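For reference, the structure is listed below as structure tokens.
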Amino acid sequence: MIHEREALGGSPARELALDCIEAGIEAADPERAIAESVSLDGDRLTVGERSYDLGAYEEVVVLGGGNAGGRMASAIEGVLGDRIDRGVVVTDAPEETEKIEVLPGDHPVPSERGVDSTRRMLDLANETREETLAIVLISGGGSALMPAPAEGISLSDLQEVTEALLASGAEIDEINAVRKHCSAFKGGGLARRAAPSTVVSLIVSDVIGNDLSTIASGPTAPDARTFEEAREILSRYGIDPPEAIAERLERGVNGEIEETPDAGDPVFDRVDNHVIADGFTALEAVRDLADERGYEPLILSTSVRGEAREAAKTHVAVAEEVRRTGHPIEPPAVICSGGETTVTIRGDGTGGPNQEFALSAAIELRGSEGIALASVDTDGIDGASDAAGAVVDGESVSDRETARAALAENDVYPYLEERDSLIETGATGTNVNDLRVLVITSPEANR
Ligand SMILES: Nc1ncnc2c1ncn2[C@@H]1O[C@H](COP(=O)(O)OP(=O)(O)OP(=O)(O)O)[C@@H](O)[C@H]1O
Ligand SMILES: O=C(O)[C@H](O)CO
């Protein structure tokens, strides 16, 4: 999976860190997640703890989309085969499918073709009946890939407000509160269209804490957010939205437009949302591999966030403690964490949060022995670069000043590339946020 892996290894700690990264990404692969959580036995479709009698339905349709939409579509075909009657799924990573049409969309800013594809998907949702079982595939990136501008709003209005929100530093739940109130699809809109069919959503989560109404803007989830909050969020971040959006929010606040459906809405009576993979899925796989190799595993957290270069220092401090004093676990050990760190851009270079995390850690580790760290975005694309992340150890930084300058310029990619530290995977077809692995050997191993 990792391109030109031979160049990145070199020590047992680095090799294990890379193995752990591969195991984590593989475990979060939508195909594997669907194979593990969805099964068919005769007419009995089982999803997690729930089961559905296909004999009670006249048709099975597949809807939805997101970065993992292509892989999820081919995987659900693998389980249900001919039991699927039709389907439309929107993604930027298409796969070969037989029954389900996989249509294109764009990310992170929505596009015209995304609007066309989503319209086709919504047409199919509108055709569903009480006798339909609608399987909805939902994954990260869905908000941008599946634009459905509400009446009166144009694509360019949506693009403008999306770009402004992405650049504003707003949290994903805030960004999506606005998107949900500009859309005919998000914030439970798909559940509304598909009612009264039975809706079974399979969700690969890229949102810390798995808030269903935030993942891909919750097309089949209740929405507690309001038009008023959407307007307040825009004003909090100093965003002056296009006129059509301001007008829609105003009309919504005045009760002239129907609110997104909340948890009490009968539209959700026949909707089940199942999270089939998330950041924890990747961490569990790392834990198991570490254990298998004789390393003490520690899952630090699924929700590390904040400035990448700072979070890195805390991770290194924990690893140093493990190696020096055996607290909180005895080496040899593997510590892993998930979540999503960010970078406040001050310079003008190439890089991403996981690369900055790795370089900042490498500066701290400089000259030390026995600790290797790998950090990646599980979607394979870290920030503004074509790398997934990087692997480093105490030998990665020989010239601290150049490394610091690269961080100051937000230009760590070339620095890491020159030192054979970049992890490249290409688009992985999944997205469960960041994955970081620290491998700590025991001091005796160096003697
Ligand atoms: N040159 C750069 N160096 C470091 N970080 C950067 C650079 N350019 C952008 N970023 C950071 O990349 C982050 C966004 O990239 P990320 O890979 O998280 O993409 P995303 O599309 O927002 O999320 P996802 O990967 O979940 O789809 C932001 O924190 C941004 O500040
Ligand atoms: O599409 C989105 O809204 C984000 O990726 C969060 O799921």
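The values are calculated or read from the model by the stated rules, or taken from the named source; none is laboratory data. This is a predicted model, so every value here is computed, not measured. With ideal geometry, Cβ positions are generated from the backbone for all residues, glycine too; neighbour counts draw on all protein chains shown. Remember, those area values only see protein heavy atoms, side chains included, never the ligands or the DNA or RNA. Shrake-Rupley method; radii C 1.70, N 1.55, O 1.52, S 1.80 Å.
List of remarks:
- The residue that is farthest from ligand 2 (Cβ to nearest atom), counting only those in the stretch 325-343 that are modelled with pLDDT of 95 or more and of a type in the set (Ser, Thr, Tyr), is THR325.
- Qualifying residue in the stretch 56-71 (condition: under 21 Å from THR428 (Cα atoms) and open to solvent by 30 Å² or more (accessible area, probe 1.4 Å)): yes
- Any hit, the stretch 382-400, residues being in contact (Cβ under 8 Å) with a residue 24 or more places away in the chain and within 16 Å of ligand 2 (Cβ to nearest atom): yes
- Within the stretch 135-146, residues that are over 13 Å from ASP173 (Cα atoms) have Cβ atoms under 7 Å from residues that are surrounded by 24 or more Cβ atoms within 10 Å (Cβ to Cβ) and among the aromatic types (Phe, Trp, Tyr) in these pairs: MET146/PHE185, counting only partners at least 6 apart in sequence or on another chain.
- Residue within the stretch 332-350 that is in a helix (DSSP H, G or I) and closer than 23 Å to ILE381 by Cα present: no
- Scan of the stretch 126-174 for residues that are on the phi > 0 side of the Ramachandran plot and open to solvent by less than 60 Å² (accessible area, probe 1.4 Å), ordered by number: GLY141, GLY169
- Within this structure, GLY218 passes the test of being assigned by TED's automatic domain parsing to the domain that holds VAL90 and either free of Cβ contacts under 8 Å to residues at least 24 places away in the same chain or touching a Leu at 6+ places or on another chain (Cβ under 7 Å) (or both).
- Residue selected from the stretch 244-263 under the condition of a type outside the set (A, V, I, L, M) and in contact (Cβ under 8 Å) with a residue 40 or more places away in the chain, by the criterion most open to solvent (accessible area, probe 1.4 Å): GLU247
- Selection status of ASP379, modelled with pLDDT of 95 or more, charged (D, E, K, R) and assigned by TED's automatic domain parsing to the domain that holds PRO332: no
The rows are residues; the columns are (1) closer than 25 Å to PHE268 by Cβ; (2) more than 16 Å from ligand 1 (Cβ to nearest atom); (3) over 17 Å from the mean Cα position of the chain (by Cα).
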| position | (1), (2), (3) |
| --- | --- |
| ASP206 | yes, no, no |
| GLY209 | yes, no, no |
| PRO219 | yes, yes, no |
| ARG225 | yes, yes, yes |
| ILE233 | yes, yes, yes |
| ILE239 | no, yes, yes |
| ILE245 | no, yes, yes |
| ASN254 | no, yes, yes |
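- Single residue of the stretch 300-346 satisfying the filter (under 18 Å from SER375 (Cβ atoms) and acidic (Asp, Glu)) that is nearest to ligand 1 (Cβ to nearest atom): GLU340
- Residues that are open to solvent by 50 Å² or more (accessible area, probe 1.4 Å) and within 18 Å of LEU124 (Cα to Cα), drawn from the stretch 83-93: ARG83, ASP85, ARG86
- Filter result for GLY351 (buried (at least 24 other Cβ atoms within 10 Å of the Cβ), within 12 Å of ligand 1 (Cβ to nearest atom) and more than 24 Å from VAL204 (Cβ to Cβ)): yes
- Of the residues making up the stretch 365-398, those that are of a type in the set (S, T, N, Q) and either assigned to a loop (DSSP other than H, G, I, E, B) or farther than 30 Å from GLY429 by Cβ (or both) are SER368, THR378, SER385, SER396, SER398.
- Answer residue from the stretch 94-114, given it is of a type in the set (Asp, Glu) and in a loop (DSSP other than H, G, I, E, B) and is least open to solvent (accessible area, probe 1.4 Å) among those: ASP106
- Any hit, the stretch 375-390, residues being away from ligand 1 (no atom under 13 Å from the Cβ), buried (at least 21 other Cβ atoms within 10 Å of the Cβ) and not β-branched (Val, Ile, Thr): no
- Note on the stretch 113-143: among residues that are away from ligand 2 (no atom under 16 Å from the Cβ) and of a type in the set (Val, Ile, Thr), the one that is nearest to GLY66 (Cα to Cα) is ILE135.
- Of the residues examined, ARG346 is one that is of a type in the set (D, E, K, R), at pLDDT below 95 and either out of contact with any strand residue (DSSP E or B) (no Cβ under 9 Å at 6 or more places or on another chain) or more than 16 Å from ligand 2 (Cβ to nearest atom) (or both).
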